[in-house]
Amino acid sequence: MLNPSEIKDHIKAIEQTRQITNAMYLLSTSRMKKTMKMIDYNVEFMVRLRATMKDIFLHTEVPIHHPYLDGHPEVKSSLFIIISGDKGLCGSYHSNLFSFTEQKLKKHASSNSRIGVIGIAGEEYFRQHGKQPDYIWRGIVQKPTLYQVRVITDTVLEEYKKGRLDKVYVIFTHYVNATVQEPLMIKLLPLSVDNLKDAEIEYNYRGDILFDPSPNAVFERVVPQFIVATLFNAISQSSASEHAARMNAMQTATKNADEMLKRLQADYNARRQLAITNELSEIAAAAQTIAEKAI
């Protein structure tokens, strides 16, 4: 049984822990809001890009044939880019992501499948499970930038053009709201025209457009930008989801600390009162004994 002084030390330790969890909650909330602004800006950019790509398909006499669109004749190697976080203390965020990833890897199992990892947590996970990632990109998730994403895109497109990759998938955590985040997989390459059906073109005009030097050349320039925007959106979604998961985990930890403090404070008051009562009883008994001896 703990005495009042031990309970008091326990209370101080929990108060210090509560300060840390509450500070992390506030920090994660702030970072999540900043990341959401980045997502909104990027979505606007993607809307314009998708409209431009749809324009090219709708207003060109000659059908466009490109490796980005048609893919390779034979699928030999696929790349799975898994976007994880760099830190822990975010609840079930990573366990849900890796469980979903394992399901998708088994479903698309291939002897030549490759794994690309963004985030330290994903890198450590695959190494612990005996899988060495083929591509590792660090220092991106916490504060994603377009420059970093372009570096990844250049690597992926170079491997795709050389025929070393035939399909590219991205596995990330989609931000639904502050309390719901769900893993998702999208196909990055080759592109599908069906994905542009819901794109809204800016000007609905008739006839063909003259592209200089050619529609394929324009397509060659637009697609990398679209892939950068898509990958940047996936990384930003994962970053926002990680901050939201950590925010919820730290909020729960802070509430648990508050409940523990209430119980410990009540226990401390009860034991302190009991100790005072015992001391008064001892003093009264001693006084009575002295009085009896004096008589």
Partner lysines whose C-alpha sits under 19 Å from that of Lys262, ignoring same-chain residues fewer than 8 away, are Lys8, Lys12
Descending accessible area (1.4 Å probe), largest on the left, turns His129, His243 into His129, His243
Hand me the trypsin sites (Lys or Arg not before Pro) from the range 127-162 located in a DSSP loop with no more than 15 other Cβ atoms within 10 Å, in residue order please. Lys131, Arg138, Lys162
Return the label of the correct value of Rg and Dmax of the Cα atoms in Å, as calculated from the structure shown, out of [x] 30.0, 124; [y] 19.8, 66; [z] 18.2, 55. [x]
In whole Hz, what ³J(HN,Hα) sequence does the range 182-188 give by Karplus (6.51, -1.76, 1.60; θ = phi - 60°), x for Gly and Pro? 10, x, 8, 10, 10, 9, 8
Scalar couplings 3J(HN,Hα) for the range 241-254 by Karplus 6.51 cos²θ - 1.76 cosθ + 1.60 (θ = phi - 60°), nearest whole Hz, x for Gly and Pro, are 5, 5, 5, 5, 5, 5, 4, 5, 5, 6, 5, 5, 4, 5
The chain: relative contact order in percent, alpha carbon pairs under 8 Å with at least 6 residues between: 34
Two-decimal ratio, the range 14-54, of alpha-carbon radius of gyration to 2.2 N^0.38 Å: 1.99
Accessible carbon and sulfur surface of the chain relative to its total accessible area, %, 1.4 Å: 54
Which loop trypsin sites (Lys or Arg not before Pro) in the range 252-295, with loop taken from DSSP, have no more than 12 other Cβ atoms within 10 angstrom of their Cβ? none
Long-range HN-HN contacts of Ile115 with modeled amide H, under 5 Å: Phe80, Asp134, Tyr135
For His174, the residues 5 or more places away or on another chain with a placed amide H closer than 5 Å to its own amide H are Glu182, Leu184
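The values are calculated or read from the model by the stated rules, or taken from the named source; none is laboratory data. Values in this document were obtained by computation on a predicted structure and should not be read as measured data. Glycine gets a Cβ as well: all are built from the backbone with ideal geometry, and neighbour counts include every protein chain shown. The area values use the complete protein model at the heavy-atom level, side chains included, leaving out ligands, DNA and RNA. Shrake-Rupley method; radii C 1.70, N 1.55, O 1.52, S 1.80 Å.
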